[in-house]
Each structure stands twice: as structure tokens, then as C-alpha cells.
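Below: the structure, in C-alpha cells.
The values are calculated or read from the model by the stated rules, or taken from the named source; none is laboratory data. If you're wondering where the values come from, they're calculated on a predicted model, not measured in any experiment. Note that we place each Cβ from the backbone using ideal geometry, even for glycine, and neighbour counts take in every protein chain shown. These accessible areas exclude ligands, DNA and RNA; they are computed on the full protein's heavy atoms, side chains included. Shrake-Rupley method; radii C 1.70, N 1.55, O 1.52, S 1.80 Å.
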Amino acid sequence: KGHSGAVCSVSFSSDGSKVATGSSDNLAKIWDVASGRELVTLKGHSNWVYSVSFSSDGSKVATGSEDNLAKIWDVASGRELVTLKGHSGWVRSVSFSSDGSKVATGSDDNLAKIWDVASGRELVTLKGHSGPVWSVSFSSDGSKVATGSSDNLAKIWDVASGRELVALEGHSRSEEHTSE
């Protein structure tokens with residue numbers, strides 16, 4: 001317990017000792033897995049926190065929010081390190097590169113962006129989706145980013161150039177959701 005709204009996203013630290021949560025109460029929280037105790041609350045977003053992601057070393061957490069911002073936080077202190085400004089739509093997804101030097105963001109503005117964690121500077125914008133980008137993920141070597149969008153496409157991008165490498169087609173939108 002601890003959030004006063006829906007929990008929209010969860011992420012384990014790589015060592016499994018902590019979990020980050022993002023909520024419709026505009027907060028993200030860091031929790032100790034063994035005890036279930038809340039360690040720190042990350043306050044700074046003005047709207048729902050849709051996505052949370054730990055850096056591989058567990059020292060930082062990225063958050064993406066309905067306030068069109070992504071933020072990088074220090075896990076130990078809960079201090080905001082940098083705000084990533086540049087999206088004109090809700091930030092639905094955040095993901096660290098394995099070395100922790102970059103963060104990818106996906107947004108309702110149909111764009112994904114790659115950011116430098118230390119400076120907060122935008123490095124590249126990935127343009128090519130015709131719908132909101134709901135998911136982003138780095139390859140293990142950090143050279144590529146995958147994006148998933150409501151346009152029924154997943155795409156693979158080159159991080160250095162921002163060039164689209166391949167579009168993964170084959171999903172189609174179903175108007176009905178059934179479970180059996």
C-alpha cells in the first residue's frame with residue numbers, strides 16, 4: 001500500500017532487491033522487495049506516471065508521465081536529477097540503455113526520443129510511426145532501439161543515426177478482446 005491511485009507501471013531493479021511503481025496519483029515510489037517497505041517517493045510529475053524503469057546498476061530510475069515529461073531520479077535519495085523536455089504528448093514508455101548512459105522515451109506525439117542521461121540533452125528523434133509510441137526497449141548492446149505503436153507496427157532503429165532499420169508488420173487491430 002502507498003499509492004492513492006491506479007498503479008500503471010512496475011519495474012524490478014536488476015538485483016531484484018527493489019521495485020519501482022508509477023501511479024495515477026502522479027507519484028513514483030521505490031520499494032524494498034524483502035520487507036515490502038516503501039523506501040522513497042519520487043515527487044515532481046504533475047500528472048499520471050505511466051512508465052518506470054531502473055538503470056542496470058539500480059542507482060537511477062526513469063519515469064514517463066502524462067505531463068509530457070520524462071525524469072531521471074537518484075534511487076538512494078529520491079532527488080530529481082534531470083527533466084527530459086521535448087515531447088508534445090504523454091510519455092508512455094521509458095527504457096535505459098544497458099550501460100545507463102541513455103534513456104529512450106515513447107510518446108503519444110507519435111515519436112520516440114533518445115536522451116543523454118547525464119546532461120538531459122536530446123540526442124535523436126525517431127520519426128516514422130503514425131500512432132502513439134507505447135513501448136520502447138534498447139538492445140543489450142545499446143546500438144538499437146525497438147518501438148511499439150498503436151499504428152500496429154514495431155520498428156527497429158539505429159541509435160546513433162536515428163535511422164529506421166526495419167518495420168515489423170503482422171499485427172492487426174482487433175476491435176474485440178476475448179479471453180478463453
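Observations on the model:
- Surface analysis of the chain yields an accessible area of 49 Å² per residue, using protein heavy atoms and a 1.4 Å probe.
- Dipole check for the chain: with +1 at the C-beta of Lys and Arg, -1 at the C-beta of Asp and Glu, and the Cα centre as origin, the magnitude is about 460 Debye.
- Only one residue of VAL117, ALA160, CYS8 has its Cα farthest out toward the positive end of the dipole of the chain, where Lys and Arg carry +1 and Asp and Glu -1 on Cβ, and that residue is VAL117.
- Relative to its Kirkwood radius, the Cα radius of gyration of the chain gives an Rg/Rh of 0.97.
- Computed over every Cα-Cα pair of segment 68-132 and binned at 5 Å starting from 0, the pair-distance distribution P(r) comes out as 4, 19, 29, 25, 14, 6, 2, 1 percent.
- Projected onto its three principal axes, the C-alpha set of segment 3-76 covers 30, 23, 16 Å, listed from the longest axis down.
- Relative contact order [Cα under 8 Å, 6+ residues apart], the chain, whole percent: 12 percent
- Count Lys and Arg as plus one, Asp and Glu as minus one, and take only other residues whose Cβ is under 11 Å from that of ARG121; the net charge is then +1.
- Separation between Cα centres of segment 114-175 and segment 1-77, rounded to whole Å: 22 Å
- With a threshold of 20 Å on the Cα-Cα distance, the over-threshold entries among LYS85/LYS127; LYS18/LYS85; LYS71/LYS113; LYS1/LYS29; LYS43/LYS127 are LYS18/LYS85; LYS43/LYS127.
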